[in-house]
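A short write-up of the structure that comes next.
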Amino acid sequence: MTSVEDQLKILTAGTVDVISEVDLKKKLSAGKPLRVKLGIDPTASDIHLGFTVVLRKLRQFQDLGHTAVLIIGDFTAQVGDPTGRSVTRPPLTQEQVDAHAATYVEQVQSILDFTPGRIEIVRNSEWLSKIDMGGVLRLMSQTTLARILERDDFTKRYQEGSPISLSELVYPLMQGWDSVQVRADVELGGTDQLFNNLMGRQLQGAEGQAPQVVITTPLLEGLDGVKKMSKSLGNYIGIAEAPGEQFGKLMSIPDALMPRYFALTTGWLPERVAAVVASIESGELAPVAAKRLLARTIVDLYHGEGAGKSAEDEFDRIFKDGSAPTDVEEFVITSGEFPITLARLLATAGLATSNKEGRRKIEQGGVRIEGEKVTDPDVEVTAEEINGKLLQLGKRAWARIIVS
RNA sequence: GGGUCCGUACCCGAGUGGACAAAGGGGGCUGGCUGUAAACCAGCUGCGUAAGCUACGGAGGUUCGAAUCCUCCCGGGCCCA
């Protein structure tokens, strides 16, 4: 087994908070596999690059012989984590939660070790749906309103006069109770989870358990380069997204963000990251080349070796040469629809949400048929004229029209 | 429970009887430029070929005419209890 000192070095690298390192050392020194908790709220169906930061940290624990305890927050998802939120989350149905949870577990396999014994996956409804009012009150007496309200997100909402549901105030307690239930030795999370995770420490202490070590990892900025990557902000790159999508999205991140992306998402050793960053700064590696390298690396990571190169070729074909992608989706239109105006054709093929919008796109010069720009939205085409032709909207949307 | 203020398009937000399909910003889209799906600049952004239709929390009402006035209902903030 790796020495305690080496483990400490690996496990604390790239983290923001470790509370506390002394505790972690003590726990590691006991020589037993630690139970390392990570909670996932199944509020959306995709795992994104930002979340892989903490997943990779969890994987490091697994590789050192510790046990990953993945908690699917199916119960807490019904309340909604108020962290960083300015509004109450809408409650999810059981079906949505189940579907999201299934997708999560599937996607997480590309990062975590699923060898039996290395991972446990549990749902927090197992215990949270059973706790009675007495139990809830006991938990609530462990904290005070002042402590809960210290949090920025609540303070802000309170000052703004936005509604805050009491159930949201209890959220950190539920998450803390999870730690008690799974007897967590360590809990991982993004820096925004610090408050919630510290609650776990306190509740464990009150229940006579050794308090968990809380480790936080940095939050990755999303495509906009400012706000954290999140599903609800729509600025994310999903690990299950198509190679072309991932490549393109990565190419669009602000240049200044590249070092962070290399450091947090590639899984590279710090020395390798430092070397790349240095060559960018010295001008040896052009920004665009660096970004391509990043994009290839990430696509390879989630779609297999070589997928990055293919995605890059495709990207060049589309955006550099301006030609159509190799596989354009076919769109079948029944012959009864013809003759049809170009505006309506666009809407029928799903490239516009309405005829009106199709009309606008054509008038703006954004529509091509077989590479030829069309200008009159009212022109009618017959089935024979359009069958098999390539319809293009803007730089990023195509449909091959098939008449049946 | 009482009082008071509020609810506007994807989001924020102006509008308080006609000139309102509704200012402004964000987002999104299209075009230009570019190493880039970045940045920047310009245009577009309810539906309908059109006449017109539908839309300012919901339902009624007043009026020639309502997002704007009245009644009730639903949702929210604040103050008092």
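Go through A:253-260, A:26-33 and give me the packing order, highest mean Cβ count within 10 Å leading. Walk me through the numbers on the way to the answer.
Working: A:253-260: 15.9, A:26-33: 14.2.
Output ranking for A:253-260, A:26-33: A:253-260, A:26-33.
I need the fraction of alpha carbon pairs in region A:238-385 separated by more than 22 Å, rounded to a whole percent.
Result for the distance tail: 55 percent.
Compute the long axis of helix A:194-206 from its Cα atoms, compare it with the longest principal axis of the Cα atoms of chain A, and write down the angle in degrees, 0 to 90, nearest 10.
On a 0 to 90 degree scale, this one is about 30.
Give the percent of DSSP beta bridges with both residues in chain A that are antiparallel, rounded to the nearest 5.
40 percent
Given the options A:251, A:229, A:133, which has the most mean-square fluctuation in a GNM of chain A, springs set between C-alpha atoms less than 10 angstrom apart?
A:133
Under 16 Å from a point 7 Å along the Cα-to-Cβ line of residue A:274: which residues of region A:53-80 have their amide N that close?
Under cut-off, by backbone N: nothing.
At 0.36 nm per residue, and after removing the present C-alpha to C-alpha distance, how many nm does the segment from residue A:360 to residue A:233 gain when stretched out fully?
42.9 nm
Label points 7 Å out from Cα along the Cβ direction at residue A:102 and residue A:373: separation in nm?
A separation of 4.8 nm, rounded to one decimal place.
What is the helix-to-structure angle for A:270-281, meaning the angle in degrees between its Cα long axis and the longest Cα principal axis of chain A, kept from 0 to 90 and rounded to the nearest 10?
Relative to chain A, helix A:270-281 is tipped by roughly 50 degrees.
Tell me, rounded to the nearest percent, the portion of alpha carbon pairs in region A:284-371 spaced more than 18 Å apart. Spell out each step's value before the answer.
Working: 2358 of 3828 pairs.
For region A:284-371, the fraction of Cα-Cα distances above 18 Å is 62 percent.
Would you look at the GNM of chain A, springs on alpha carbons closer than 10 Å, and say which of A:193, A:392, A:175 moves the most?
A:392
Test of understanding: what is the full-extension gain from residue A:146 to residue A:115, defined as 0.36 nm times their sequence separation minus their Cα-Cα distance?
6.8 nm
Please give, to one decimal in nm, the separation of the simple spin-label points placed at residue A:332 and residue A:384, each 7 Å out from Cα toward the Cβ.
2.4 nm
What are the trypsin sites (Lys or Arg not before Pro) within region A:337-404 that DSSP puts in a loop, where the Cβ has at most 12 other Cβ atoms within 10 Å?
Sparse-neighbourhood loop trypsin sites (Lys or Arg not before Pro): A:395, A:396.
So what is the 222 nm mean residue ellipticity for chain A from helices alone, if each DSSP H run of at least 4 adds -39500 (n - 2.57) and you divide by all residues, rounding to the nearest 500 deg cm²/dmol?
Helix-only estimate at 222 nm: -13000 deg cm²/dmol.
Within the set A:231/A:373; A:227/A:373; A:320/A:389; A:27/A:228, which residue pairs have Cα atoms separated by over 30 Å?
From the list (A:231/A:373; A:227/A:373; A:320/A:389; A:27/A:228), the Cα-Cα distance tops 30 Å for A:231/A:373; A:227/A:373; A:27/A:228.
Under 5 Å between amide hydrogens, which residues at least 5 positions from residue A:120 or on another chain qualify, with H placed 1.01 Å from N in the peptide plane?
Correct list: A:68, A:69, A:70.
How many angstrom lie between the Cα centre of region A:228-249 and the Cα centre of region A:125-181?
Result: 31 Å between the Cα centres.
Taking chain A as a Gaussian network, where each spring joins two C-alpha atoms under 10 Å apart, which residue of A:233, A:137, A:223 fluctuates the most?
The residue with the greatest mean-square fluctuation here is A:137.
To test your reading of the geometry: what angle, between 0 and 90 degrees and rounded to tens, separates the Cα axis of helix A:49-63 from the longest principal axis of chain A?
It works out to around 50 degrees.
Against the 2.2 N^0.38 Å scaling, with N counting residues, where does chain A land? I'd like the Cα-based Rg ratio to two decimal places.
That ratio works out to 1.18.
List the residues whose amide H sits under 5 Å from the amide H of residue A:213, counting only those 5 or more places along or on another chain, with H placed 1.01 Å from N in the peptide plane.
Counting only residues 5 or more places away or on other chains, the set is A:186, A:187.
Read-outs throughout are calculated quantities, based only on the coordinates presented, and are distinct from any laboratory measurement. Keep in mind that this is a model prediction, so the values were computed, not measured. Cβ coordinates were reconstructed from backbone atoms using ideal geometry, including for glycine residues, and neighbour counts include every protein chain displayed.
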